[in-house]
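K.L.:
Take this structure, written in structure tokens, and hold onto it; I'll ask about it next.
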Amino acid sequence: MHEQSLVAALLKQVTGIAADHGGADVTEIEVEIGPLSGVEPLLVESAFERLVPQTAFSETRLVVRCIPLQGVCRTCDRDFAAPELRFDCPLCGARHIRIVRGEEFRLMSVTLEDGESPAEWSRRAAAPHPRTADSGLSPQQEGPRSRLRLPPSSPLFCRRKFRHDHDKSPCGSGRSG
Amino acid sequence: MDRDVQAEKKQRAAALRDRLGARGTLVVNLVSSPGAGKTALLQELARRWQGTRKIAVLVGDLATERDADRLRPFVPVEQLTTGGACHLEVPLVESGLQKLPQDDYEFLFIENVGNLVCPASHDLGEHVRIVLLSTTEGDDKPGKYPKLFRTSQVMVITKCDLLPHVPFSVPAARADALNVQPELTVLETSALTGQGIHEWCSCLDRLRTQLLSSPLTSRESASE
């Protein structure tokens, strides 16, 4: 059961991202788990629930998305996707496949408390001191979020928060993605 | 955003691999279920290579120094006790490495915690991952624990002296493993009778030559 240490690494990474953006509260974390990641989605969820009480993430929702395996056959050179783990080509049956997706446990998005769409953020990031005029405060006095700067190519995908319904987890009980 | 959750540890592992590789040390991560014979295989290797290869071992277990005690007569060894953790991670390896006598080892073996599941997902900075499968475990394990076999370069079938007494088919185990990882090198060994130990030692020398540019400083053909 190594999911606990993986979730601890995840929370450390998200803590860094939140700190980079003014220490904003994180309302949602979205991760992607592949069939060959060696990571069990249900155990990730239970490790998360065990680790977050009394931390800054106690109100944070975790969204786990299970992705299919994607491969390229080394024999027929065609791409394929398979919902479950397999090591042969579903198109020609050859055994030599290269797995291009499905080995990952990846952090896909973090939603911050004052979440905006990436386009809104990009626009605001391009304008100098966007909140200074409204608040009447200097950037130093206004608080950390006023220093938020995201280049248009920033990898941070920030969305408005929405409720995570555990029963409607994309993995479901079958976790077939 | 698209970030590997283990990005930081993977970077540390890559740095460790590069650092030790530059010093001529081949790092070998030995993985298997508990009792498959990792320590016995290392004991045989250490006996044969005593005085001819510079090797060091880090052994991981939940508790006790028993494995380290078995290897200590032959090689510098540090026991990594994980408390309750089911696998080793790179910070633990780094701390064990600091406790070993500082030397330019030709081989550093990391004997992982006995487990066919979790160690598969953790890069320890190894150049090569070697999985052991003992004849008492059953020949169907590669397909049941595919990640570990998929990410290994060598599979060593151990306890082959028991083959007359156990329902284990070497061809079936080999086929199952090759289905998961077609490029796997398969060895058959018995630490008790010495079967395949020469091939085991030669395989490691060959891997070191293939994966590191630095030549062996000790005597050649010393694996006998």
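Read-outs throughout are calculated quantities, based only on the coordinates presented, and are distinct from any laboratory measurement. Model, not experiment: these values are computed from the prediction. Cβ atoms come from the backbone with ideal geometry, glycine included; neighbour counts cover every protein chain shown.
K.L.:
Which cross-chain or sequence-distant (5 or more) residues have an amide H under 5 Å from the amide H of B:Leu26, H modelled 1.01 Å from N in plane?
P.N.:
Under 5 Å from the amide H of B:Leu26 lie the amide H atoms of B:Phe107, B:Leu108, each far enough along the sequence or on another chain.
K.L.:
Tell me, what ³J(HN,Hα) does each residue in segment A:28-34 have, in order and in whole Hz, if you take phi through Karplus 6.51 cos²θ - 1.76 cosθ + 1.60 with θ = phi - 60° and put x for Gly and Pro?
P.N.:
8, 10, 10, 10, 10, 10, x
K.L.:
If we count every other residue with Cβ under 11 angstrom of B:Val90's Cβ, Lys/Arg +1 and Asp/Glu -1, where does the sum land?
P.N.:
It works out to a net charge of -1.
K.L.:
Check which residues have an amide H placed less than 5 Å from A:Val100's amide H, if you skip close sequence neighbours.
P.N.:
A:Gln70, A:Gly71, A:Val72
K.L.:
What aspartates and glutamates sit close enough to B:Lys99 to cross-link, taking a C-alpha to C-alpha distance under 15 Å and skipping anything fewer than 8 places away on the same chain?
P.N.:
Candidates past the 8-residue exclusion: B:Glu65, B:Glu78.
K.L.:
Taking the Cα centre of chain B as origin, work out the dipole magnitude from +1 charges on Lys and Arg Cβ and -1 charges on Asp and Glu Cβ, in debye rounded to 20.
P.N.:
In debye, rounded to 20, chain B gives about 180.
K.L.:
Ok, one more. Starting from the Cα of A:Ala94, step 7 Å along the direction of its Cβ; do the same at B:Ala14; then give the gap between the two resulting points in nm.
P.N.:
Going from the A:Ala94 label point to the B:Ala14 one covers 2.9 nm.
K.L.:
Measuring from centroid to centroid over Cα atoms, what is the spacing of segment B:8-59 and segment B:110-150 in Å?
P.N.:
One Cα centre to the other: 15 Å.
K.L.:
Excluding B:Ala13 itself, calculate the net charge of residues whose Cβ lies under 13 Å from the Cβ of B:Ala13, where each Lys or Arg counts +1 and each Asp or Glu counts -1.
P.N.:
-1
K.L.:
Quick one: which residues, 5+ away or cross-chain, put their amide H under 5 Å from the amide H of A:Val63? H built at 1.01 Å from N.
P.N.:
Placed amide hydrogens put A:Ile29, A:Glu30, A:Val31 under 5 Å from A:Val63.
K.L.:
Quick one: 3J(HN,Hα) in Hz for segment A:56-73, Karplus 6.51/-1.76/1.60 with θ = phi - 60°, rounded, Gly and Pro as x.
P.N.:
5, 9, 4, 9, 7, 9, 10, 10, 9, 10, 9, 9, x, 7, 10, x, 10, 6
K.L.:
Among the GluC sites (Glu not before Pro) within segment B:123-201, which fall in a DSSP loop and have no more than 10 other Cβ atoms within 10 Å of their own Cβ?
P.N.:
B:Glu183
K.L.:
Which net charge results for the neighbourhood of B:Val57, defined as the other residues with beta-carbon distances under 11 angstrom from its beta-carbon, given Lys and Arg at +1 and Asp and Glu at -1?
P.N.:
Value of the local net charge: 0.
K.L.:
May I ask which of B:Lys10/B:Lys147; B:Lys9/B:Lys144; A:Lys12/B:Lys9; A:Lys12/B:Lys10; A:Lys12/B:Lys147 have a Cα-Cα span longer than 21 Å here?
P.N.:
B:Lys9/B:Lys144; A:Lys12/B:Lys147
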